[in-house]
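First up is the structure itself, then whatever we jot down about it.
The values are calculated or read from the model by the stated rules, or taken from the named source; none is laboratory data. None of the values given here were measured: they were computed from a predicted structure. When we count neighbours, we look across all protein chains shown, and the Cβ atoms used for this are built from the backbone with ideal geometry, even at glycine. Calculation scope for accessible area: heavy atoms of the full protein, side chains included, ligands and nucleic acids excluded. Shrake-Rupley method; radii C 1.70, N 1.55, O 1.52, S 1.80 Å.
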Amino acid sequence: MMDNLMKLAREAEDRMEPRFKELDRMAEDNQWKVIRAFQKFRVSDFHFNGSTGYGYNDRGREVLDLVYADVFGAEAALVRPHFASGTHTISCALFGLLRPGDELLYVTGRPYDTLHKVIGKPGDGTGSLQDFGIGYREAALTPEGEVDWEQAERLIGPQTKVIGIQRSRGYDWRASFTVERIGEMIRRIKAIKPDVLVFVDNCYGEFTERLEPTQVGADLIAGSLIKNPGGGLAATGGYVAGTAAAVQAASYRLTAPGIGGEVGAMLDTLRAMYQGLFLAPHMVGQALKGSVLAAGLFERLGFETSPRWDEPRTDLIQAIRFGRPEALTAFVQGIQAAAAVDSHVVPEAWDMPGYEHPVIMAAGSFIQGGSLELSADAPIREPYIAYMQGGLTYAHVKLGLLQSLERLAKQDIIVM
Ligand SMILES: *Cc1c(COP(=O)(O)O)cnc(C)c1O
């Protein structure tokens, strides 16, 4: 059986050769972009020595912010281990930009699950956006997964202060929005209401294309360092990038008004953040090639995938529709079995904080929950879609896919 699987994988790789080459070229361009930013700000060994206490005058921290801003084509950036997760980073960004009486409008449909509680409900007593008297509206996507402009235009009003765009599909069967499409959205939004601020949830998007949303007009973007830009090395943290005013507003939420990014001891985190950023374009390229292989293999076996192997990509996520829970579980368990870390544990569904359905996850990672590393998650709900992402090396992703296919074949879900 393994021989047949290897043959199937080799055939898929041959078919995908041109796509792999394109992804290699993109990773190369992004690698050079990052190196040039390091050079521009004369990054040196001493920048890796973290500060303690208040962290005043931490030159490594200041230069890291400058390097990020340059890479993202933004006026400013704030890159900190004190951002506990992507959700925390996005929360700081939104609370920074919005005030009671203002409204937030998401035009890309329901945002990522963990943000539902950040948005909250009026009077929910949790200190959510709505609890603080910030209004929330949402324009659902059209059935084709496009922005519903008729609806969006109706929802933009005098109170609309921030418009939210989610680049990545998250746990949704929709296309992710490429940077080009995000640029078109921003132009359209600003034509309707020039003074509105556009926030982009950039999680999973960094370095999957040559441009970032800040280069097509986003006022503020946010992401997690245990995803793409941490390059698999950053142990924790998040970043925001955008206009100087917007980044400062988010920094005032992270620490305190008036203090912002001027304090915050970096302890021992700087080297991994710098080196992770240096590696990120390559790692993202490896992960993307793995996702393309996954799509190609499962399409060949008759499963629906999104994106399909030859479609454009703007995030790390590969969705595969399994249609029944046993197949989904077998897939996720196969990914876990291929890990270097925790290969011996068998993942099972659990009620994860912040998620509305039980979630099963394969996460044999060096960084807990690090999803630039090969991982697969699936909320246990119809139609049983697995979301696979990451892989620091292409060979690891390939092994994961082979182990999953082997399990699916053993259970007669696929015929080998
Ligand atoms: C991962 C993710 C988040 C939240 O990040 P956490 O680190 O899981 O809190 C938000 N939005 C999108 C699109 C994501 O992929």
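Checked against the criterion of being open to solvent by 40 Å² or more (accessible area, probe 1.4 Å) and within 16 Å of the ligand (Cβ to nearest atom), the stretch 368-384 has at least one qualifying residue. Here R300, R308, R313 are screened, and the one residue that is more than 17 Å from Y171 (Cα to Cα) and either within 16 Å of the ligand (Cβ to nearest atom) or assigned by TED's automatic domain parsing to the domain that holds M6 (or both) is R300. For the criterion of being within 20 Å of I163 (Cβ to Cβ) and open to solvent by less than 10 Å² (accessible area, probe 1.4 Å), V216 fails.
Among the residues of the stretch 248-273, those identified as open to solvent by 30 Å² or more (accessible area, probe 1.4 Å), over 17 Å from G223 (Cβ atoms) and within 24 Å of the chain's Cα centre (by Cα) are Q248, Y252, T255, R271. Considering only residues in the stretch 234-247 that are surrounded by fewer than 24 Cβ atoms within 10 Å (Cβ to Cβ) and touching a residue at least 12 places away in the same chain (Cβ under 8 Å), the one that is nearest to the ligand (Cβ to nearest atom) turns out to be T236. So, G101, is that one outside any helix (DSSP H, G or I), away from the ligand (no atom under 16 Å from the Cβ), of a type outside the set (D, E, K, R) and closer than 21 Å to P281 by Cβ or not? So G101 fails the test.
Just the residues that are of a type in the set (A, V, I, L, M) and touching a His at 6+ places or on another chain (Cβ under 6 Å), please, taken from the stretch 321-379. Answer for the stretch 321-379, where residues must be of a type in the set (A, V, I, L, M) and touching a His at 6+ places or on another chain (Cβ under 6 Å): just L374. Each residue in the stretch 70-98 was checked for being away from the ligand (no atom under 16 Å from the Cβ) and more than 24 Å from F38 (Cα to Cα), and 3 of them qualify. Look at the stretch 169-194: where a residue is closer than 11 Å to A319 by Cα and a partner is within 16 Å of the ligand (Cβ to nearest atom) and part of a helix (DSSP H, G or I), sitting 6+ places away or on another chain with Cβ atoms under 9 Å, you get G170/D113; Y171/D113; A175/R181. When the stretch 350-367 is filtered for residues that are in contact with a strand residue (DSSP E or B) (Cβ under 7 Å, 6 or more places away or on another chain), in contact (Cβ under 8 Å) with a residue 12 or more places away in the chain and either within 15 Å of the ligand (Cβ to nearest atom) or assigned to a loop (DSSP other than H, G, I, E, B) (or both), the ones remaining, listed by number, are Y355, H357, P358, V359, M361, A363, S365. For the stretch 104-136: of the residues being more than 16 Å from the ligand (Cβ to nearest atom) and of a type in the set (S, T, N, Q), which is most open to solvent (accessible area, probe 1.4 Å)? Here the residue is T126.
Just one residue in the set E406, E382, E304 is over 25 Å from G231 (Cα atoms) and either hydrophobic (A, V, I, L, M, F, W, C) or touching a strand residue (DSSP E or B) at 6+ places or on another chain (Cβ under 8 Å) (or both); that residue is E304.
Considering only residues in the stretch 196-233 that are in contact with a strand residue (DSSP E or B) (Cβ under 8 Å, 6 or more places away or on another chain) and among the aromatic types (F, W, Y), the one that is farthest from the ligand (Cβ to nearest atom) turns out to be F199.
Each row is one residue, and each column tells you yes or no for (1) under 13 Å from G205 (Cα atoms); (2) small (G, A, S); (3) surrounded by fewer than 14 Cβ atoms within 10 Å (Cβ to Cβ).
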site: E144; (1), (2), (3): no, no, yes
site: V147; (1), (2), (3): no, no, no
site: P158; (1), (2), (3): no, no, yes
site: D172; (1), (2), (3): no, no, no
site: G183; (1), (2), (3): no, yes, no
site: R187; (1), (2), (3): no, no, yes
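Looking only at residues of the stretch 312-335 that are open to solvent by 10 Å² or more (accessible area, probe 1.4 Å) and free of Cβ contacts under 8 Å to residues at least 60 places away in the same chain, we find that the one that is farthest from S291 (Cα to Cα) is P325. Scanning the stretch 385-413 for residues that are in a loop (DSSP other than H, G, I, E, B) and open to solvent by less than 10 Å² (accessible area, probe 1.4 Å) returns G390, G391. In the stretch 151-167 there is at least one residue that is more than 16 Å from the ligand (Cβ to nearest atom), among the acidic types (D, E) and assigned by TED's automatic domain parsing to the domain that holds G242.
Only residues that are of a type outside the set (A, V, I, L, M), within 18 Å of L254 (Cα to Cα) and open to solvent by less than 10 Å² (accessible area, probe 1.4 Å) were counted in the stretch 46-67, giving 3.
Determine whether T305 is open to solvent by less than 50 Å² (accessible area, probe 1.4 Å), polar (S, T, N, Q) and free of Cβ contacts under 8 Å to residues at least 24 places away in the same chain. Taking the combined requirement at face value, the residue satisfies it.
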